[in-house]
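These notes are about the structure you will find just below.
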Amino acid sequence: MIIDLIIEDPRWSTLDLEQISNSVLDACLAHLGLDATNAEISVLACNDAKITQLNTDFRDKPSATNVLSWPANDLMPLAPGARPDPPKPDITGDMPLGDIAIAWETCHREAHHAGKQMTDHVTHLLVHAVLHLLGYDHIRDPDATLMMKNEVEILGKLGISNPY
């Protein structure tokens, strides 16, 4: 398992984001019965200004958000509520899943307003983002139900109570 962690905002150094990212990716893949050996993701730990730029460039939404994800492959199922296809290794045997960006100010503000530990909130957001990389989504109601169920179960295995 390879996690390319890029910390652009020094405030992220107050958390062990490398350990959190590793735990999240391992927990997500194990929960879904997927082999983590050759899985690869990148995580950009940035600020609101950077995520606003990314959200504008990629989603045409000129505002900050907590987390963004860019799957390496479209694994989303056609049938609402169906499990996504599992990712497959590429020709080299690597299994790139995609990229994640997470913004300090928005995450910190959300955690504070919800009375949550920052580590727990960031863990939840990274679980959410990894599930997106694996083809889960919440646009259609049956897909949202499946995604939320998996989020809650994975977070439970990580010792974090249901955030919903």
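The values are calculated or read from the model by the stated rules, or taken from the named source; none is laboratory data. None of these values were measured; they are calculated from a predicted model. Don't worry about glycine lacking a Cβ; one is built from the backbone with ideal geometry, like all the others, and counts go over all protein chains shown.
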Exercise. Which helices (runs of 4 or more DSSP H) sit wholly inside segment 64-164 and have at least 3 residues that are over 13 Å from the mean Cα position of the chain (by Cα), aliphatic (A, V, I, L, M) and at pLDDT 95 or above?
Worked result: 141-157
Problem set entry | Total residues in segment 127-145, condition farther than 17 Å from LEU34 by Cα and touching a residue at least 40 places away in the same chain (Cβ under 8 Å) | 6
For this session: Of the conditions (1) within 25 Å of LEU146 (Cβ to Cβ); (2) hydroxyl-bearing (Ser, Thr, Tyr); (3) surrounded by fewer than 18 Cβ atoms within 10 Å (Cβ to Cβ), SER69 clears all except one; give me its number.
Result: (3)
For this session: Being part of a loop (DSSP other than H, G, I, E, B), among the polar types (S, T, N, Q) and farther than 18 Å from HIS128 by Cα narrows it down to one of THR37, THR52, so name that one.
Result: THR37
